[in-house]
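Visitor: The structure under discussion is supplied below as structure tokens; questions concerning it will follow.
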Amino acid sequence: MKTYLIKKEFKSIWKWGIIATAIHFIGFMIGQSLGSKHSLIEIPYLMLTGELAEVTSPMFGYKSAFYFWLISILTAVVLPIVQMNPEIQNKTITFLLHRPISKSDAINSKIVSGLVILVLSIGLQLGFVILVCSIPGNYAAPFEFDMTFSWLLCIYFSCCMYLAVLFCFLQEGKFKKWVTLFSLPTIYWLFLLVLLHFSIWILIIFLLATFSVWYLAIRYSFEERDFS
Amino acid sequence: MSEEYVIETNQLTKYFGDKVVVNSVSLKVKKGKIVGFLGRNGAGKSTFIRMLMGFLKPSYGTSKVLGCNSLDLTPEIRERIGYMIENHPLYPKMSIKQLRGFSRESYSKWKDDMFAEMMAYFELDEKKKIMELSRGQRAQVSLALALSPDPDVLVLDDPTLGIDPVINREFIDAMVQLIQSQKRTIFFSSHSISSVDRIADEVIVLENGVLRAHAELAFFKDKIKKIQMKVKQWGTEEIAIPGVLKQFKIDDIVTLTIANFTEEILNSLKEKYQAVDIEVIDINLEDAFIDFTAGNKQKMILGLK
């Protein structure tokens, strides 16, 4: 993979990354403030000082994660569109692909930069929470890695969702593209929700398998489609 | 791998739905030739070029550039092809300097001095962003980007589209200056027939997706003639001579534009219509092209190789 291509991709989406991180942070604070007597604005400060003791556990739990999942899914939908749409609409994709690079280099650099931005926009908050909770004496409940499970699952699911949307967006023809874009990720998401009722491990295996399938499908779609 | 022919197509065809846009075009372009690719709007020129560059899959037929199938152009082959895309799509938020850096990293034979010289020649400030440039300036940047990797083949898709005549002239002059010293093959489509007339060795004419002519420029111009004559025996019927592209009559003076002009045609006119005072007039490429593509639509194929 070419470094200059990844650099170029990062330059084109870093602003979206900052917006996504900010929205994630707001979502996280909303999650923390629910059921708490503190206002939204006090949450970051109280977390740092360890005074938010009553929400120690839910910090990693589903209450916070709900907002995260919602925002992460939105980010995973928007990011591939802002990556691909201007390239295709302005026809700069032809300019890009007529370099001495392979098509797989071009799409891999987009995927890598998109996934890194996505993971960072979610993961920065997680890193912050782990840091705060790891400070001895800050919280009553000691930090354990298992507590981050729902967050990690959220990151992983968002990555799969990102690939699913990118795959849909690469379909040719407006009708086909938008129909798949609205239907396929929704079906995928609903299917995951159903799986969640059985076992978390089934869900993880499913996600692992689909990540590879989405990636291969994207590679194939990108390499085979016309760019006119 | 034989590279006598830099560009080769064999029955290249493209359908969009039921509509055939490029219809079984077979042609070969020799190394070192400058080829003007002419056709009216919607003739299929850009579609043809996109298939040639491997961005569109043909419905039927094949095309090769530098001996390599267009759909499988390797990075090494792409490095040897300079391609100026129609409408000059460049990253709008990048500055010229950033684009230069991006391209320098892409190409191993990138000539930075040449790019700088061209920017100086066009008086372009490299700090400017692409979105701040006019269409003409974007075309100039595109030309510099296409030429600086020192390609063996240049494929230019309507490089002067939408450019005013002054910039157009400057642009063509720069192109001639930069190209003439090298032995590059240039394949360029254009609506600017005067540009083609000035620099092309060969001309290809596409009409409604069909290849109508592929000939040396001089041959093409030589074979399309205007004939003015007085006729004694002519009613309202059209002159039935093969190759008549256009005809009109004022009183007893008939003016014809004829493709594939020969002495036999003159003799035949004299015999059939008792034509007298026949005057054969040379016409320029622009008139030849217009009459050839917008005439009586007799499907005359000229000088196909």
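Every number in this text was worked out from the coordinates using simple rules, so none of it is lab data. Computed from a prediction, not measured in an experiment: that's the story for all the values here. Because the Cβ atoms are built from the backbone with ideal geometry, glycine has one as well, and the counts that use them run over all protein chains shown.
Visitor: Going by the conditions given, is B:Arg104 charged (D, E, K, R) and away from chain A (no Cβ under 11 Å)? Break it down into steps so the answer makes sense when it comes.
Guide: Values: charged (D, E, K, R): yes; away from chain A (no Cβ under 11 Å): no.
No.
Visitor: Search the range A:1-13 for residues that are under 11 Å from A:Gln83 (Cβ atoms) and in contact (Cβ under 8 Å) with a residue 60 or more places away in the chain and pair each with any residue that is aromatic (Phe, Trp, Tyr) and surrounded by 16 or more Cβ atoms within 10 Å (Cβ to Cβ) when their beta-carbon atoms are under 7 Å apart and the residues are at least 6 apart or on different chains.
Guide: The qualifying pairs do not exist here.
Visitor: Let me ask something else. Could you please give the count of residues in the range B:107-133 that are out of contact with any helix residue (DSSP H, G or I) (no Cβ under 8 Å at 6 or more places or on another chain), within 13 Å of B:Ile96 (Cα to Cα) and away from every other protein chain (no Cβ under 14 Å)?
Guide: Total meeting the criteria: 4.
Visitor: Turning to a different aspect of this structure: For the range B:119-133, indicate whether the set of residues that are in contact (Cβ under 8 Å) with a residue 60 or more places away in the chain and part of a helix (DSSP H, G or I) is non-empty. Please lay out each step first, then the result.
Guide: First, pick out the residues of the range B:119-133 that are in contact (Cβ under 8 Å) with a residue 60 or more places away in the chain: none.
So far as the range B:119-133 goes, no, none of its residues is in contact (Cβ under 8 Å) with a residue 60 or more places away in the chain and part of a helix (DSSP H, G or I).
Visitor: Still on this model: Please state which one of B:Gln98, B:Gln140 is surrounded by 15 or more Cβ atoms within 10 Å (Cβ to Cβ), on the phi < 0 side of the Ramachandran plot, of a type in the set (S, T, N, Q) and within 22 Å of the chain's Cα centre (by Cα).
Guide: Values: B:Gln98 fails: within 22 Å of the chain's Cα centre (by Cα).
Of B:Gln98, B:Gln140, the one residue that is surrounded by 15 or more Cβ atoms within 10 Å (Cβ to Cβ), on the phi < 0 side of the Ramachandran plot, of a type in the set (S, T, N, Q) and within 22 Å of the chain's Cα centre (by Cα) is B:Gln140.
Visitor: Please work out which residue is farthest from the other protein chains (Cβ to nearest Cβ), limiting yourself to the range B:43-81 and to residues that are touching a Pro at 6+ places or on another chain (Cβ under 7 Å) and buried (at least 23 other Cβ atoms within 10 Å of the Cβ).
Guide: Checking each candidate, the answer is B:Met51.
Visitor: Please give the number of the condition A:Thr92 fails out of (1) polar (S, T, N, Q); (2) within 18 Å of A:Phe10 (Cα to Cα); (3) within 23 Å of the chain's Cα centre (by Cα).
Guide: Just one mismatch for A:Thr92, condition (3).
Visitor: I've got another one for you. Which residues, counting only those in the range B:190-212, are part of a strand (DSSP E or B) and more than 11 Å from the chain's Cα centre (by Cα)? First the steps, then the outcome.
Guide: Within the range B:190-212, the subset part of a strand (DSSP E or B) is B:202-207, B:210-212.
Listed by number, the residues that qualify are B:Glu207, B:Val210, B:Leu211, B:Arg212.
Visitor: Something else: Just one of A:Ile93, A:Ile88, A:Ile107 is part of a helix (DSSP H, G or I), of a type in the set (A, V, I, L, M) and away from every other protein chain (no Cβ under 14 Å); which is it?
Guide: When all the criteria are applied, what remains is A:Ile107.
Visitor: Is there a residue in the range B:156-178 that is part of a loop (DSSP other than H, G, I, E, B) and without any contact (Cβ under 8 Å) to a residue 12 or more places away in the chain? Break it down into steps so the answer makes sense when it comes.
Guide: At the first step, the residues of the range B:156-178 found to be part of a loop (DSSP other than H, G, I, E, B) are B:158-164.
Narrowing further to those that are without any contact (Cβ under 8 Å) to a residue 12 or more places away in the chain: none.
Scanning the range B:156-178, I find no residue that is part of a loop (DSSP other than H, G, I, E, B) and without any contact (Cβ under 8 Å) to a residue 12 or more places away in the chain, so the answer is no.
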